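**Student:** Just passing along the structure, written as structure tokens.
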Amino acid sequence: MVKARVNPAPKPSVDIDAFIERGGSSPAAAPQKTTEADDVAKFPLRYPVSIKARIEAAIKRLPGHVSINTWLIQAATEKLERDEPK
């Protein structure tokens, strides 16, 4: 009789408990994709390479795939919501 070898499930690359405790938005809460009817401002953005590296590292810690553009829109939206007078 041959026994099948069972490998343990791989550990997630993100500490799920820490992610949940940290709060904030998740990729599921990303802004809706725009349609042709939406107005979209396009402009070149210059920022330090060190900031780009930090953003890319933050994106890698998230589950799923998030583009740099989506991450920047989420960050700007969260900052604006925090700073708006109540």
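The values are calculated or read from the model by the stated rules, or taken from the named source; none is laboratory data. Here the structure is a predicted model, which is why all the values come from computation and not from measurement. Cβ coordinates were reconstructed from backbone atoms using ideal geometry, including for glycine residues, and neighbour counts include every protein chain displayed.
**Student:** Within region 54-66, track down each residue that is at pLDDT below 95 and more than 18 Å from Ala18 (Cα to Cα).
**Tutor:** Result: His65, Val66.
**Student:** To continue, here is another question. Yes or no: region 31-53 includes at least one residue that is modelled with pLDDT under 90 and surrounded by 10 or more Cβ atoms within 10 Å (Cβ to Cβ).
**Tutor:** The answer is yes, given that some residue of region 31-53 is modelled with pLDDT under 90 and surrounded by 10 or more Cβ atoms within 10 Å (Cβ to Cβ).
**Student:** Of the numbered conditions (1) modelled with pLDDT under 95; (2) exposed (fewer than 10 other Cβ atoms within 10 Å of the Cβ), Asp15 fails exactly one; give the number of that condition.
**Tutor:** Against the list (1) modelled with pLDDT under 95; (2) exposed (fewer than 10 other Cβ atoms within 10 Å of the Cβ), Asp15 comes up short only on (2).
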